[in-house]
1. Got a number for the accessible area of A:LEU33? Probe 1.4 Å, square angstrom, nearest 10.
2. Do any residues of the range A:432-458 show a loss of at least 20 square angstrom of accessible area between the isolated chain and the full protein assembly, using a 1.4 Å probe, and if so which?
3. For the range A:225-235, just list the computed ³J(HN,Hα) in residue order, Karplus coefficients 6.51, -1.76 and 1.60, θ = phi - 60°, integers in Hz, with x standing in for Gly and Pro.
4. At most 12 other Cβ atoms within 10 Å plus a DSSP loop assignment makes a site exposed; report the longest stretch of chain A without any exposed GluC sites (Glu not before Pro).
5. Only bridges whose two residues both fall in the protein assembly as shown count here: according to DSSP, what percent of them are antiparallel, nearest 5?
6. With a/c under 1.5 counting as rounded, go ahead and sort the range A:466-508 into rounded, prolate or oblate using the C-alpha gyration tensor (a ≥ b ≥ c being the square roots of the eigenvalues; past the cut-off, prolate if a/b is larger than b/c, else oblate).
7. With θ set to phi - 60°, apply the Karplus curve 6.51 cos²θ - 1.76 cosθ + 1.60 along the range B:34-45 and write out the HN-Hα couplings as whole Hz, x wherever there is a Gly or Pro.
8. Reported to two decimal places, what Rg/Rh ratio describes the range A:90-169 when computed on Cα atoms with Rh from the Kirkwood expression?
Amino acid sequence: MTVPHLKHPEMYFGAITFFAKQHKEDTCGSNGLPLTPNSIIIYGKAQILKTIKSPYLCQYLDIIRGKHERTVVVSQYCGQSLSNYLEKNTFTIEDIKRIAYQILTGLNELHKKNIIHRNLSSDNVLLLENNVKLFNYGLYYMTDNGKLVSFPIFLTNPKVDIWSLGIILVELTLNKHLWHSLKLGQRIRKILSLLQSNSSIFERIAREHNCYELYLEIPQEVKEIIELCLNVYPQNRPSCEELLQKEVFNSFTKPTEFNNKKLCQPFEIFTINELYHWWQLAGGDLIEGTVLGQERNPATLYDPRIVVMPLDTLYQRFENIPLECYYPLIQCKSDIIALAEPPPYDATGLPLIIKERDPEYQFHRVILFRRLLHGYPFTKDLIIKEAQKDIPPLLRGEIWATLLNIKSDYKKQYLRIDKFTPTATDRQIEVDIPRCHQYNELLSSAEGHKKLKRILKAWIYQNSQYVYWQGLDSLTAPFLYLNFNCEAKAFACLSHFVPKFLHKFFLKDNSAVIEEYLAKFSQLISFHDPELASHLYEINFYPQLFAIPWFLTLFSHVFPLYKILHLWDKVLLGDSSYSLHIGLSVLTQLRDRLLTSGFNECILLFSDLPEVDIEKCVIFSMGTFNSTPKKYNPPRTRK
Amino acid sequence: MVAADEDRLAAADRMANRSGTAQRPNGSTQGKICQFKLVLLGESAVGKSSLVLRFVKGQFHEYQESTIGAAFLTQTICLDDTTVKFEIWDTAGQERYHSLAPMYYRGAQAAIVVYDITNQDTFGRAKTWVKELQRQASPNIVIALAGNKQDLANKRMVEFEEAQTYADENGLLFMETSAKTAMNVNEIFLAIGK
């Protein structure tokens, strides 16, 4: 009944696919490590495209790596391509001017970010009602100007897009697919023949397509734009900025500028990102059963087809969600109104891992948290209360930032910090980064390495009282992973996290604080499990021998990323003593084996930590955390 | 290279003889089980953990995580008719973790000091470790020097002869090793065990 709510005309997406260049087998980089697969470099590089939001650009949603270096790129895809309209409807001159203006505005935004579309044609300019959106504009950028793929993309400059715009405008004004019946080679010959042309290229094309009369009718101001774009010398073509200044676009400039300068962004109940997330949870699969899943084939290293994703499964799944659920009440003092609310979606008792994959549950959580985040900092208490239940993975980065009290000026702060001057610590950072959570695609990508290095250097610069201890890299990894497109936020999270949970751990001489933690840890074991404590004592199995990385990195050097995220969801709600309780719960999970083992077996168990059930660990540690007398609890925390 | 290999073998023989007279904790005799505590030291990212992993599990991980504090592993092998059980402490390489090291080398019967043949600084650091062991560790400790990452010999910055000379002068067992290709990994552990 509320499906129409989901069926926003802009909320559709499609995918394209290509293959990255494969390395020759057994090639190594200069450090002796195998070369990073090109698909991973692309994966890291393409992430930033997801942050580009503009009414004239399709939003990037996801990059997925398939087998054999396949890359699938998912992006918004709404409306129909301009080429679909050609030779059917005729656009009025006013329409064409507006389309030209919108394409230029979109291109200008890209060029300002040093992104060249390179691929612009009437096939990937989408028209929805009166609004144009450019599609597939990131291919050139994400493949590092074509270096990471083996199909031909040539090095170029932004003026190439201006030429393409000219061609699109010719197609629109003449209402024709240009050189439609010719083969590729013939088309290339046609275009090369333009090089020798002394007369107007536009006029020549019009004559070739028997449209000379139509050409004569086109207003001079539009002709002028097209002529400017179709200059064979790139350096003589105008830039987007210059074209946008032309009088012909005057009627569009003013109102749009007004609209763009709203003081605060309007609140959206949900975004296309979230719709895509729910669609995936509801079973949406990009790779199976479509062209996206075909084997590597030299003829289709780049596949020009666009696969538009059907959303029916999601609509069916969400069919019965009442309208009220899109507008949850968060601060309702009236019982009468509260009683009229639909009953909450019941997921109690389900394991966390199931809840995170349940599309309806994630729908409710995301809708609620988006609202709460929108009201931050005034909703801080409510965020904490809800976070105690669970944190929706899609919004984890933002929620963590609020739990850590990140202030709104974090970007400015980060910008000011020196991240580049060489220091004595560089060598250590450089050898640690290629070993830090490298099973993860983001963290193993070239972009990931660069970002992690900058964040670590910034942190050292900013905290002259502290030093880099190995392990700080692991500690930073979860924040970078969650805020990959916002280094400043990752840095701000780290900067707030360390004083709150690891006070003094990164002092040059941290032996006092480590000894204190280890002593408290021994006490905690004795308090909760005297039998285990005395066994460990008898076999000389001291925490010094195994627990230093546990507390120094708050388990981020011990567990894989997906476990750290669940663990830290709770850490952030506790205080600096909580890590001791996690340690206790790890020992408890291994209790039977520890009790029956001698020193060697015990220590081996921790050198190669067996599977630890994180959900059990979290529940157990929350229990002891809440039930332990204070004197066993916190080592000093900074107020 | 052949001459160098002969040197190496000669050195190994000398070391083997020396370690034959080294004190053994359980007073092991033939047919007995002998426990053997060994510690790995050296600058970070030279391949200490990788050497241990290769020796104990026969594996090699390209992206072997850094070691914080220390890791402990064991391996049991048969040498002639003696079962030797290696108890290996693999330590953190970063200089800052230095203060923890004595906890691991105290009472160790052997140490492998590792450097990276493609990095001269790590060789300097290895020499510092050797000095420290000679001063502070138990007097009978067997010290081996491992020039790791031999698979990257085309990027070599530390000459084999230079290290060999240093090892000879200090009475160290010396081999160039590669945890990646497994070259000399078992050999260096076994030579110590003899």
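1. Counting only protein heavy atoms, A:LEU33 exposes about 30 Å² to solvent.
2. A:ARG435, A:GLN438
3. 4, 5, 4, 4, 5, 8, 8, 5, 9, x, 5
4. That gives A:320-610 as the longest site-free run.
5. On the way: 36 of 60 bridges.
Taking every DSSP beta bridge with both residues in the protein assembly as shown, the antiparallel ones total about 60 percent.
6. Details: a/c = 2.49, a/b = 1.77, b/c = 1.40.
Judged from the Cα gyration tensor, the range A:466-508 comes out prolate (a/c at least 1.5, a/b above b/c).
7. Those phi angles translate into 10, 8, 9, 9, 10, 10, 9, 10, x, 4, 6, 6 Hz.
8. In the range A:90-169, Rg relative to Rh is 1.00.
The values are calculated or read from the model by the stated rules, or taken from the named source; none is laboratory data. This one's a predicted model, so the numbers in the text were calculated from it and none came from an experiment. Please note: Cβ atoms are built from the backbone with ideal geometry, for glycine as well, and neighbour counts cover all protein chains shown. The accessibility values were calculated without ligands, DNA or RNA, using every heavy atom of the protein model including side chains. Shrake-Rupley method; radii C 1.70, N 1.55, O 1.52, S 1.80 Å.
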